[in-house]
Amino acid sequence: MFEVRFHGRGGQGAVMAAQTFAEAAVLEGHHAQAFPYFGAERRGAPVRAFARVDDKRITIKSQIYEPDMLVIMDESLLDIDPVADGLKPTGSVVMNTTKAPQDVDIGVAVRCATVDAIPIALETIKAPIVNTAILGAVAKICDLVTIESIKTSINDRFGEKLGEQAARMNSLAAEMAYARTVVGICKGERTIVRPKVWLPTWKELPQGTALGEDTLSGVTVGPGGSLGNYTGTWRTITPKYDQEKCVRCLRCWFCCPEGCIKRLEDDHVKWDYRYCKGCGICANICPADAIHMVKGAMEP
């Protein structure tokens, strides 16, 4: 059995990528399954999807903990999620990145296929949704599917949902990515760190729960905290602030949905880029044209 784990962000199409890969495997004569795993749905939040391929009927229903292949649709996930956890030493990885395979470090030295999928997606489907482009890279390194079966699966799945033109453009994205994918060996120097999780005692649970002390034995409870979740890694464009043009109306500070704009003593403002998602609302509502959105996720 061949198992693939897809890591992406909400809105990048990880679930559709897993389903399309599975359908391509079926077209090649295999049995396949695909399914997602995510919490509260939110664009930009980390998402996992899974696909299994075998020559006989698949009855396993669990998540994939020791994948044969990782598909990483957003490089920034390496800093917030242990994406390489469980990857087999004989496995492989496909990553959306501007780096060459030998410059990629996921914590395990394995075969690696890299492609800069965002420019391809912007050129073909006019949006930074990289699922079909990344599937072209998957076809380059995975013997179970060919680029022809990937394109056929894209045409079938996307054509049914989005129409013939969308299917054609997404198929072109996969073909372009296949041609531009570079295969090599990545580095394994990064330490795979699992995020800390709050594990309360039964006395620390919120009021209103009906659980007693003895019923919590062995149960892991761990709600996350927004302060530790650096949502700024989600963005592909970043606000750039021109203080000289600013009229200190504070509209940007008031309207920021993430509260990442800080009001200074003189009523100028400052961004906490760790939490800025690049939504562009601040630039849209600025009456003095003091905020511009620039390409990239780095602090300008």
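Selection within segment 118-135: residues that are without any contact (Cβ under 8 Å) to a residue 24 or more places away in the chain and in a helix (DSSP H, G or I). The member of this set that is farthest from E75 (Cα to Cα) is L122.
Quick check on this structure: which one of T59, T20, T97 is of a type in the set (S, T, N, Q) and more than 23 Å from A139 (Cβ to Cβ)?
T59
Looking across segment 17-52 at every residue that is of a type in the set (D, E) and modelled with pLDDT of 85 or more, the one that is farthest from M95 (Cα to Cα) is identified as E28.
Reported count of residues in segment 280-300, each being surrounded by 19 or more Cβ atoms within 10 Å (Cβ to Cβ) and either touching a strand residue (DSSP E or B) at 6+ places or on another chain (Cβ under 6 Å) or of a type outside the set (A, V, I, L, M) (or both), is 4.
Quick check: anything in segment 136-143 assigned to a helix (DSSP H, G or I), in contact (Cβ under 8 Å) with a residue 24 or more places away in the chain, under 22 Å from W234 (Cβ atoms) and in contact with a Lys or Arg (Cβ under 9 Å, 6 or more places away or on another chain)? If you could, list the steps in order and put the result at the bottom.
Going through segment 136-143, the residues assigned to a helix (DSSP H, G or I) turn out to be 136-141.
Adding the requirement that they be in contact (Cβ under 8 Å) with a residue 24 or more places away in the chain leaves 136-141.
Now drop any that are not under 22 Å from W234 (Cβ atoms), which leaves 137.
Going one step further and asking which of them are in contact with a Lys or Arg (Cβ under 9 Å, 6 or more places away or on another chain), we end up with 137.
The answer is yes, given that some residue of segment 136-143 is assigned to a helix (DSSP H, G or I), in contact (Cβ under 8 Å) with a residue 24 or more places away in the chain, under 22 Å from W234 (Cβ atoms) and in contact with a Lys or Arg (Cβ under 9 Å, 6 or more places away or on another chain).
Under the condition of being of a type in the set (G, A, S) and closer than 15 Å to V71 by Cβ, which residue from segment 91-120 is surrounded by the fewest Cβ atoms within 10 Å (Cβ to Cβ)?
Checked segment 91-120; the qualifying residue surrounded by the fewest Cβ atoms within 10 Å (Cβ to Cβ) is G91.
Of the residues making up segment 144-158, those that are out of contact with any Ser or Thr (no Cβ under 9 Å at 6 or more places or on another chain) and touching a residue at least 12 places away in the same chain (Cβ under 8 Å) are L144, T146, I147, S149.
The residues of segment 281-300 include none that are modelled with pLDDT under 90, part of a loop (DSSP other than H, G, I, E, B) and more than 14 Å from G232 (Cβ to Cβ).
The values are calculated or read from the model by the stated rules, or taken from the named source; none is laboratory data. Owing to the predicted nature of the structure, the values given are computational and were not obtained by experimental measurement. For neighbour counting, all protein chains shown are included, and Cβ atoms are generated from backbone atoms with ideal geometry for every residue, glycine included.
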